[in-house]
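Note sheet for the following structure.
The values are calculated or read from the model by the stated rules, or taken from the named source; none is laboratory data. Since we're looking at a predicted model, the values are computed, not measured. Glycine gets a Cβ as well: all are built from the backbone with ideal geometry, and neighbour counts include every protein chain shown. The accessibility values were calculated without ligands, DNA or RNA, using every heavy atom of the protein model including side chains. Shrake-Rupley method; radii C 1.70, N 1.55, O 1.52, S 1.80 Å.
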Amino acid sequence: MPLFQKTVSTVCYHCGEPCREGSVSFENYQFCCSGCKTVYEIIENNGLCQYYDLENSPGINLTGISNSKTWQFLDDLKITRQLSDFMSDNLTVVSFHIPTMHCSSCIYLLENLSRLAKGVLSSDVNFLKKEITIKFDPREISLRRVVETLSSIGYSPEISLNGFENRKTSKATKHVVYQIAIAGFCFGNIMILSLPEYFDVKSLLTENFIHLFRYLNLFLIMPVLFFSASDYFKSSWNALRHKHSNMDVAITMGILGLSIQSFYDVLAGIGGGYFDSLSGLIFFLLIGKFIQQRTFQALSFDRDYKSYFPLAITRVKGEESKSINVNDLMLEDEILVHNKELIPADSILEKGEAFIDYSFVTGESRSVLCCEGDMIYAGGRNQGSILRLRVIKTVSQSYLTRLWNNKAFNKAEETGVSKWATQLSNYFTVTVIALALITGIYWKIHNPALVMQTVTAVLIVACPCVLALSIPFTFGQIMSILGKKGMYLKNSQSIEKLAAVDTIVFDKTGTLTVSDNIDNTFNESLSNEERQWIAATASQSLHPISRMIKGDINGSENYPITNWEETIGEGIRATIKGNEIKIGKRDFVSGDIPEEFDNEQGSLGKTYISVNGIIKTGFAPIQKLRGDIKDIAGKLKGRFQLYILSGDNDSQRKTLSKYFPYENLYFRQSPQDKLVFIESLKESGKNVMMIGDGLNDAGALKTSDFGITVTNDIHSFTPSSDAIMDINQMGLLPNFASLARDTKKIVTGALVFSIMYNCIGLSFAVRGHLLPWVAAILMPVSSITVVLYTKLASMAAARKNKLS
């Protein structure tokens, strides 16, 4: 039962609609129809009646809601597959748009869907987009039943087989336009009818006509208050119910103050009130709101629809293969997916078997066995040899971004200046209300005629929006700038973490070095077929050494392989035509090592290859240090502590010590060693950035304060990292770090502007030199100004750091 009993009323307890003939009474509550009563019973029986405590009559009226027959088409397996983000024997993930979602009670009920329907595992709501992502067990509940449950409680999903990307969001915009139209119409007429209040027209109009005009104004202000200004009242009420304040509370107080005084003046016959100022105030507020929305849409950086992070895949046409951007993939394209690569689009497995890690989607790391003809979903990661897939759905980078931003991979909640500004905005509103009260008391004593004007102006002109907006818009612009230069951040909080870094740890291989050639001692007795086996085994892996072997031998990626396996930090093995091929470290490969291979010469030390337990060759891939390493290290050395953690031997220690502190070079480091080292730096108070390829460094990347995965022609997609960086942009790393630090200065500038604007505006308002309608114009202008400032300042910072 609810915490507080509510008396029977003439409106429906569930949806708030009037109870007419045919209404239903139940448990001391009145319902407009049996549908609302049924929903109440469902909610009560499942212990979710807090739903009614969060909002008054939060439910959706069920008149005309579709019956279960409407959803019969969801029994079709083909349609179910098309609507699902993921499907397996024990888990299905689906996302829906819920247009009727409107308040905190809706969020509460929808996120507790698992208590209403057995088999629903979890439900996650994105309120801003009115979307819900549901995970359910198909063995216990069908997709049709899930949708019917949503529909039965008044939240019918908007199902489109074309997905979310083309969904229009014009409804909310139209609502604001209608509000502006009503307010503008009434404002214009009220101004005309208020002319007798401005001029001495007693010789032209009788007193009765003057009173008639006043009552006409009172009539015209009604739709302005109850329709045009309704969003402000709702926002304020919701905020106060949850025991916090927002700027709409201050605006609502100003509107109510003018309204009460105006109604009193007209009804008491002592004046015409302030209906002209009141209607003008609401009209200009709504115009400002509309302009804000349009400006923010034009300048905002929405990562769900402008996903700048890179992701490439190998597309196959005949015998030719080419690495392309996933956005260029078409339906029915055939693609090759290497070990550890992410599957970018729903596809069909063309041949063989595959083990797929769906931890991105399900949160579980246990691999799923897929066979020829099975559907493999976007977001899965290949855990074995190369897969040949046929694309059956277009790529959705917004979906991949959502996976990357999965809560399971987030390192921390909002911190730093973002959290500080949010808290300051809350205190700001309370301070403004207090100042308005003090102003009202002062003018009540010294000049009562100015009380309403000054109090309303104070409440309206004060604007914490610049505090709340400066940070997300600044961060959005910086993310866009970085993305265009090859640095792709996971979220806006990453900028603050990047700016706070004081220690940088580099992986060496593939990060500070570039592939050049292989200094090999291949046994001349190797047959051409054995060379093809070795190339085919190496081609399955994304590791830099494996790719060098593949490139040196130039074998086929499509060679038939069975039992392929990669052991992180050790090597790879495969079976080809019954022959076992191993490539890796000495201990991993095992077997007898011929004397000519048994040495540790070479830039990276030996990598060995065996065929059927016999060492066939030992070689040292030659990798050169990046040509710009001196410049990179020189720019970073003065501002950061620099370390190198490498899994290779120390043959390059002398060369690297020219650019990095000798004592900060660590070699023969296993993945676990790297993780432990990062933890020790953090325990000593360092803010650590880890830069690696994401293959052997996942643990260290996740443990660091800010992890960067560097990518080459095969683009990584690593949930452990905070950013993905194009390896060709490594030379810009100092510029990226500098821009992140400049971002704080930009935000500080916006905050200074906010304080100056509010101080100047309030100083005019409290002295009675600012009319309420002028304040209504200034408030949105200030917000738009700070957004333009952040854009221009961000562009200037980019030019300063040579990133424009």
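Which length gain, in nm to one decimal place, applies between Ile614 and Asp89 when the Cα-Cα distance is subtracted from 0.36 nm times their residue separation?
Here the answer is 184.7 nm.
Subtract the Cα-Cα distance of Lys802 and Ile270 from 0.36 nm times their separation in residues, and report this length gain in nm to one decimal.
184.8 nm
Given a 1.4 Å probe and the protein chains all in place, what does the accessible area of Trp237 round to, in Å² to the nearest 10?
Number for this one is 130 Å².
For Thr503, which sequence-distant residues (separation of 5 or more, or a different chain) have an amide H within less than 5 Å of its own amide H, given hydrogens modelled in the peptide plane?
Amide H neighbours of Thr503: Gln641, Asn687, Met689.
With charges only on Cβ, +1 for K and R and -1 for D and E, what is the dipole size of segment 310-394 about its Cα centre, in debye, rounded to 20?
Dipole magnitude for segment 310-394 comes out near 180 debye.
Per residue, how large is the accessible surface of segment 310-394? Use a 1.4 angstrom probe and give square angstrom. Please report the intermediate quantities before stating the final value.
Numbers: 3640 Å² over 85 residues.
Computed with neighbouring chains in place, this is 43 Å² per residue.
Note the per residue figure in Å³ for the convex hull of the C-alpha positions in segment 72-165.
86 Å³
Once you have the Cα-Cα distance between Val11 and Asn664, take 0.36 nm times their residue separation minus that, and quote the gain in nm to one decimal.
On the way: separation 653, 0.36 × 653 = 235.08 nm, distance 7.27 nm.
Gain in length upon complete extension: 227.8 nm.
In nanometres, what is the gap between the two model label sites at Val514 and Thr785, each 7 Å from Cα along Cα-to-Cβ?
About 4.9 nm separates the two model spin labels.
Quick one: which of Lys630/Lys654; Lys550/Lys582; Lys508/Lys630; Lys585/Lys606; Lys624/Lys654; Lys78/Lys118 span more than 18 angstrom between C-alpha atoms?
Beyond 18 Å: Lys78/Lys118.
To the nearest 10 square angstrom, how much accessible area does His769 have with a 1.4 angstrom probe?
So the heavy atoms of His769 present about 120 Å² to solvent.
Sketch the reach of a paramagnetic label on Lys317 as a point 7 Å from Cα along Cα-to-Cβ, and name the residues of segment 337-369 whose backbone nitrogen lies under 16 Å away.
Inside the label zone: nothing.
Please work out the average accessible area per residue across segment 72-165, using the 1.4 Å probe convention, and give it in Å².
Ligands and nucleic acids excluded, the figure is 44 Å² per residue.
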